[in-house]
Amino acid sequence: MKIENICCIGAGYVGGPTMAVIAQKCPDIKVTVVDINSDRIAAWNDKNLKNLPVFEPGLDNIVGSCRDKNLFFTTEVDKAIDEAHMIFISVNTPTKTYGKGKGMAADLKYIELCARQIAKVATDDKIVVEKSTLPVRTASAIKSILDNTGSGVKFQILSNPEFLAEGTAIEDLLHPDRVLIGGDTSTKEGNNAMKALVEIYSNWVSQERILTTNVWSSELSKLTANAFLAQRVSSINAMSVICEKTGADVNEVAKAIGMDSRIGPKFLKSSVGFGGSCFQKDILNLVYIAKSYGLNEVADYWEQVIKMNDYQKNRFSDNIVSTLYNTVAGKKIAFFGWAFKKDTNDTRESPAIQVAKNLLNEQAYVEVFDPKVKSEQVFKDINNNNSEDLLKVKKNPYQVADKAHAIAILTEWDEFMDYDWQKIYDSMLKPAFVFDGRGILDTNKLENIGFVCYKIGMG
Ligand code: UDX
Ligand code: ADP
């Protein structure tokens, strides 16, 4: 089957960048991204490319070069589904906030709604590709919904998990370590569907980097990859606590172990904790799956990765309180950074949120500066009307630092390193504290200016 028309349901952090890259690399394919959120679609269609709803380095150029040529953003979901040969599902799958599996299992209601919509609208055979992160065996649920439409339309379900990391999404999409495609390897139709998707990626990814597996291996590989990556961060964060007690330097330890080719250097940067929409959600999912099979030891093993991460976030705010003479009530704490990592405007599960909640709970004034996150988002993340008086968001880091007792670095934005730290010091109350939760600042330089510095994992 030659694919000439693709539809993607969900114009978020995954769907938007992924489809932009497919459109750029496959000029003969018409790519339509649909979403029920009309504000989001309007932002994707904004003439000023700086207003795209997702900030990713390089994304604006790609969207600018393909939009309205072979890349379209629209709210006309049914029309796009009907016209497409291949439909990607890239809707959100947050952790359930109600009922069975609350706080753990993935909420699949958006996925199911998509499947039902496809079933309702489709008039000819379609390949449906799961892009959202899903628990193992979701593909079979989608298939069951689609196969029971009674319309005679035939569907093939593929799993094609996304491994892009925010902030480097375009680079990751253009040069992926691997592309994983899971499908029904036991039938001719299943193999043909996989071949069709392999052909799309072959436009820019070499054959040896495109892996094909059965659907369940593909689904589980995504959860496993995220669990392993998060586990590395929690492992180095666990060592950061020991470093602080013993006088070792966690960056030196990370470098020393990272040079062991069996361990490797990546994902060993100790921090205030990991955030993002995937790590916690996927591990909780894994824990839930393990528990549902009665595998309690496996569940406990992975759950510890999250407990360590919570500990790291709380430890950071506790340290601010204890260092500021055991009280932050009425004191201004300046937050540099709110996004869960640099080069993104995404704040989902950002450690800044928990650290801010803890400090607000202690009646501190928290003032936030982030180069890309909008103030409405910060207030939404805190979601507590009682904090309105205590929480402020400003567009200028120097204003945020003015008369602050302490600065807390929550995101590793490069520009923080280039600030005029003497000017910041002069405007702060003394002693002026810096709590570097990302280990990016030159503490020797800051200490020479007069700052009192705390850096994660430094004794
Ligand atoms: C992750 C996976 O990397 C990606 O493959 C998957 O598709 C989605 O989930 P993402 O959450 O966008 O991507 O970013 P990632 O770079 O993995 O960072 C996650 C969190 O871990 C961030 O908060 C980051 O600051 C933190 N982190 C990462 C560390 O604290 N230390 C590190 O060494 C690496
Ligand atoms: P991700 O990081 O997985 O891309 P986002 O929340 O950024 O998650 O994006 C998911 C998008 O999917 C949202 O913009 C949401 O409005 C959209 N969406 C959810 N359900 C549907 C649906 N049934 N039809 C169309 N769009 C949907």
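The values are calculated or read from the model by the stated rules, or taken from the named source; none is laboratory data. Quick caveat: nothing in here was measured; it's all calculated off a predicted structure. When we count neighbours, we look across all protein chains shown, and the Cβ atoms used for this are built from the backbone with ideal geometry, even at glycine.
Observations on the structure shown:
This table checks each residue for (1) over 21 Å from GLU412 (Cβ atoms); (2) within 16 Å of ligand 2 (Cβ to nearest atom); (3) surrounded by fewer than 21 Cβ atoms within 10 Å (Cβ to Cβ).
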site: LEU211; (1), (2), (3): yes, no, yes
site: ASN214; (1), (2), (3): yes, no, yes
site: SER218; (1), (2), (3): yes, no, no
site: ASN226; (1), (2), (3): no, yes, no
site: LEU324; (1), (2), (3): yes, no, yes
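- Criterion violated by ILE41 - all others in (1) out of contact with any Leu (no Cβ under 9 Å at 6 or more places or on another chain); (2) within 16 Å of ligand 1 (Cβ to nearest atom) satisfied: (2)
- Scanning the stretch 8-29 for residues that are assigned to a loop (DSSP other than H, G, I, E, B), within 16 Å of ligand 1 (Cβ to nearest atom) and not small (Gly, Ala, Ser) yields a count of 2.
- Count of the stretch 79-94 residues, restricted to those that are surrounded by 19 or more Cβ atoms within 10 Å (Cβ to Cβ) and over 23 Å from THR32 (Cα atoms), is 0.
- In the stretch 129-174, of all residues being under 30 Å from ILE62 (Cα atoms), of a type in the set (Gly, Ala, Ser) and in a loop (DSSP other than H, G, I, E, B), the one that is nearest to ligand 2 (Cβ to nearest atom) corresponds to SER132.
- Flag for SER387 being modelled with pLDDT under 95 and more than 17 Å from the chain's Cα centre (by Cα): yes
- Answer from GLN363, GLN377 - the residue that is within 16 Å of ligand 2 (Cβ to nearest atom), in contact (Cβ under 8 Å) with a residue 24 or more places away in the chain, surrounded by fewer than 21 Cβ atoms within 10 Å (Cβ to Cβ) and among the polar types (S, T, N, Q): GLN377
- Residue in the stretch 18-41 that is surrounded by fewer than 17 Cβ atoms within 10 Å (Cβ to Cβ), of a type in the set (A, V, I, L, M), more than 22 Å from VAL205 (Cα to Cα) and touching a residue at least 12 places away in the same chain (Cβ under 8 Å) present: yes
- In the set (1) under 24 Å from the mean Cα position of the chain (by Cα); (2) hydrophobic (A, V, I, L, M, F, W, C); (3) closer than 22 Å to PRO431 by Cβ, the condition left unmet by ILE353 is number (3).
- Test: residue in the stretch 66-77 that is in contact with a Pro (Cβ under 9 Å, 6 or more places away or on another chain), within 26 Å of ILE181 (Cα to Cα), assigned to a helix (DSSP H, G or I) and away from ligand 1 (no atom under 16 Å from the Cβ): yes
- The set of residues in the stretch 161-178 that are surrounded by fewer than 21 Cβ atoms within 10 Å (Cβ to Cβ) and touching a strand residue (DSSP E or B) at 6+ places or on another chain (Cβ under 7 Å) contains only ARG178.
- For the residues LYS143, LYS100, LYS79, LYS109, the requirement of being more than 23 Å from the chain's Cα centre (by Cα), free of Cβ contacts under 8 Å to residues at least 24 places away in the same chain and closer than 23 Å to GLY16 by Cα singles out LYS79.
- Summed over the stretch 285-310, the residues that are surrounded by fewer than 17 Cβ atoms within 10 Å (Cβ to Cβ) and under 19 Å from VAL241 (Cβ atoms) give a count of 3.
- Flag if ASP420 is over 15 Å from ALA356 (Cβ atoms) and in contact with a strand residue (DSSP E or B) (Cβ under 6 Å, 6 or more places away or on another chain): no
- Just one of (1) of a type in the set (S, T, N, Q); (2) in contact with a Phe, Trp or Tyr (Cβ under 9 Å, 6 or more places away or on another chain); (3) surrounded by fewer than 24 Cβ atoms within 10 Å (Cβ to Cβ) fails for ASN314. It is (2).
- Set side by side, the residues ALA225, ALA254 differ, and just one is at pLDDT 95 or above and within 30 Å of ASP184 (Cβ to Cβ), which is ALA225.
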